[in-house]
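What follows is a short report on a single structure.
Every read-out reported here was derived from the displayed coordinates using simple, explicitly stated rules and does not represent laboratory data. Since we're looking at a predicted model, the values are computed, not measured. Cβ coordinates were reconstructed from backbone atoms using ideal geometry, including for glycine residues, and neighbour counts include every protein chain displayed.
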Amino acid sequence: MSLLVAVILVVVSAGAAVAVLMGGRWRRRTPGQHPIPPVGWTAWSPGAAPDATTSSPDLRPARRDHEASAVSVTAGAKLGSGGQGQIYEIVGDPDRVLKAFLVPIPAAKDNLDAVLGALDRVAENLRSLPITLCWPERAVTKENYLLGYVMRRIQSPFYFTSSRGLLSKRLLRELQYAVPRRSAFEMPVVKPNEILELVRLVARFLDAMHRQDLVYGDISWTNFTFALDPIRLCVHDFDSTRCLGGDAFTAQPPLDTIDWDDPDARDASVATLDSDRYKFALLAYRMLIAKDLHSRLDPGGAVAAAASEVLPSSDLQHLWRRAAGPLGTRPQLVEWLRALA
């Protein structure tokens, strides 16, 4: 038995809570959270032959005013993978993709319905803004397990081609690429006023979420992409989203991307509105003040830099001071929107 296997067995037998690094995120997890995949999973899995002994999973409608008949999902080519699941094309629907979880999740129907319904209202409220939501439109369920969900596909304007000599690669234009920095590959050129507009759009998205009593939960560079000429924002990865009073959409514990944790909420059992507010303040500080990917809030530095021409209001100084404070004192998104107007 290798030393690594022995260590794993010791930890499991002790029943200790562990922190697992998944796709750049630290997730607090306790033993027993991963169930055995239910019968019928292979019948739905991409490329699997139909299984006559099991029924197809339900494709649940996002809108709750009526129930649609159960339909099957036909997955096509694999597009990518991460720590929690894999992304597939959907045969017959080029505008949407299927996210299939690596391990089926025991889903609470009430939480699932509440989150999907509230996200539907958020999408409606943001319809007039240049914000695209790749949110869970329909959930794929089987025997009270969440197998995955259907979401809008990220469209081509949110990609760019980066090149160096004869080498080139197509990348999602993640929000990190709006922060100027040196790179061996060609980077998007984003003007200061465009960076400010992107921060405003993130604030508008989060404000719309909070108005529906929804916590987004996992603010990070990779969960927002943008387009240029004109500026547009795309939001994806809603796996940590929850309604106040309920669990996350995926029934998972809070996820914190590395360098995006709230220092006052590291032991929280659920993501909170207050942590969303802290993480937005951190994003705005990194994009508008520090102009790097990893800085922590420095209210003193923000006060000195907030007099620059790109920032429209001296009220931002006070907001950053409050954002660096304890839980329950962070500014709401509507306050940021007024200061950034």
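Taking other Cβ atoms within 10 Å as a rough exposure proxy, V179, V199, V140 sort from fewest to most as V179, V199, V140. From least to most packed, judged by other beta carbons within 10 angstrom and beginning with the fewest, F249, F280 follow the order F280, F249.
With the convex hull drawn over the C-alpha atoms of segment 96-184, the volume per residue is 148 Å³. Pairwise Cα distances in segment 206-286 exceed 15 Å in 56 percent of cases.
Here each label is just a point 7 Å from Cα along the line to Cβ, and for R127 and N144 those points are 3.7 nm apart.
In this Cβ point-charge picture (+1 for Lys and Arg, -1 for Asp and Glu), segment 168-245 has a dipole of about 240 debye about its Cα centre. Candidates V189, N223, A248 compared by Cα position along the dipole of segment 180-254: farthest toward the positive end lies V189, with charges placed on Cβ. Its Cα centre serving as origin, segment 158-203 has a Cβ charge dipole (Lys and Arg +1, Asp and Glu -1) of approximately 160 debye. Taking only the C-alpha atoms of segment 156-340, the Rg (one decimal) and the largest Cα-Cα distance, Dmax (whole number), read 16.5, 53 Å. If you plug the beta carbon distance of L167 and A77 into 1/(1 + (r/R0)^6) with R0 = 35 Å, you get a FRET efficiency near 0.90.
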